[in-house]
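Where a number appears in this text, it was derived from the coordinates with a stated rule and is not lab data. Remember, it's a predicted structure, so these values are computed and weren't measured experimentally. Positions of Cβ are backbone-derived with ideal geometry, glycine not excepted, and every protein chain shown enters the neighbour counts.
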Amino acid sequence: MNKKAIQKICYGVYIISSKMGEKINGQIANTVFQITSEPPTVAISINKQNMTHDYIKESKVFTVSVLGKSASMNLIGRFGFKSGRETDKFKETKYRLGVTGAPIILDNTISYLECEVLSSSDVGTHTVFIGKVIDADILSDEEPMTYAYYHEVKGGKSPKTAPTYVTEETPKESVKEPVVSDKYRCKVCGYVYDPANGDPDSGIKPGTPFEDLPDTWSCPICGAPKGEFEKEG
Ligand code: FE
């Protein structure tokens with residue numbers, strides 16, 4: 001079987017959020033799809049290890065915030081590579097509570113859906129939740145971010161808990177490049193700092209060598225400090 005065939009399926013990038021009592025949490029997911037139009041229903045696949053999973057199971061509600069192409073790596077990193085058990089993801093995030101009481105992200109969100117869980121299916125590592133859409137709206141006319149765009153243009157990675165996670169192969173041979181263009185990889189999340197691109201979301205101009213990044217700079221995906229980076233190759 002050629003598992004690469006599965007990677008040809010297209011996805012978007014979303015923040016799935018839910019609540020448990022007064023508490024709220026959310027996470028990045030790429031697996032959201034419409035099941036029926038009348039009534040409108042969608043399915044999501046959530047890793048059982050994630051806190052949002054327990055919140056959805058308990059409250060039986062979730063929201064889907066659809067991210068636009070301009071969504072920052074900082075936002076994606078906060079919701080995709082950090083756990084709500086260790087950090088309050090909503091502290092630096094603009095949001096409002098929807099009619100379900102679950103949060104709707106307002107940073108870089110182009111549309112949102114509010115859902116009530118109709119049923120769920122245990123698929124081993126993940127649970128597939130089917131939700132009836134009870135409210136929805138469009139917040140911006142920006143184009144949605146696709147998963148391919150996130151990987152190719154934004155240089156994004158997938159956490160190991162993603163349903164579509166694929167083990168990356170390390171290249172057998174690597175050509176040694178001049179120091180100025182040395183790329184550095186985050187040991188925590190796998191993000192690669194490429195001096196050619198810089199990190200515009202954090203005010204780092206293209207052409208900035210890793211060595212010249214300020215000590216306060218941190219991984220735009222997971223927030224790890226500079227010391228957690230190693231030279232590639
Ligand atoms: Fe990182």
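Working out 0.36 nm times the residue gap between GLU152 and SER37, then minus their Cα-Cα distance, what length gain in nm do you get to one decimal? Walk me through the numbers before you get to the answer.
Numbers: separation 115, 0.36 × 115 = 41.40 nm, distance 3.15 nm.
Computed gain between GLU152 and SER37 is 38.3 nm.
Could you tell me what a quarter of the Cα convex hull surface of segment 183-233 works out to, in nm² with one decimal place?
Details: hull surface 12.3 nm².
That works out to 3.1 nm².
Pull up the cross-link candidates among the aspartates and glutamates for LYS48, meaning alpha carbon to alpha carbon under 18 Å and not fewer than 8 places away within one chain.
GLU58, GLU86, ASP122
To the nearest 20 debye, what charge dipole does the chain have about its Cα centre, counting +1 at the Cβ of each Lys and Arg and -1 at the Cβ of each Asp and Glu?
Values: 28 positive and 31 negative charges, 117 e Å.
Dipole of the chain, to the nearest 20 debye: 560 debye.
Starting from the Cα of LYS3, draw a straight line to each of the aspartates and glutamates and keep only those under 18 Å, dropping any in the same chain fewer than 8 residues away.
Partners found: GLU168, GLU169.
Placing one identical point scatterer on every Cα of the chain and ignoring solvent, what is log10 I(q)/I(0) from the Debye formula at q = 0.11, 0.16 Å⁻¹?
Calculated log10 I(q)/I(0) at the listed q: -0.59, -1.15.
Assuming 0.36 nm per residue, please report the length gained on full extension of the stretch LEU118 to LYS69 beyond their Cα-Cα distance. Numbers along the way, then the final one.
Values: separation 49, 0.36 × 49 = 17.64 nm, distance 3.05 nm.
Difference between extended and current length: 14.6 nm.
Say R0 is 25 Å: what FRET efficiency, to the nearest 0.05, do ASP201 and GLN49 get from their beta-carbon distance? List each step's numbers first, then the result.
On the way: r = 27 Å, r/R0 = 1.10.
So, using R0 = 25 Å, E works out to roughly 0.35.
Compare the Cα positions of LEU213, SER158, VAL13 along the charge dipole of the chain (+1 at Cβ of Lys, Arg; -1 at Cβ of Asp, Glu; about the Cα centre) and return the one farthest towards the positive end.
Result: SER158, furthest along the dipole toward the positive end.
Please get the size of the charge dipole for segment 1-117, origin at its Cα centre, with Cβ charges of +1 on Lys and Arg and -1 on Asp and Glu, quoted in debye to the nearest 20.
Details: 16 positive and 10 negative charges, 95 e Å.
Result for segment 1-117 is approximately 460 debye, rounded to the nearest 20.
Using the Cα atoms as the points, what is the convex hull volume per residue of segment 1-106 in Å³? Intermediate results must be reported in sequence, preceding the final value.
Working: hull volume 14.7 nm³, N = 106.
In segment 1-106, the Cα convex hull volume per residue is 139 Å³.
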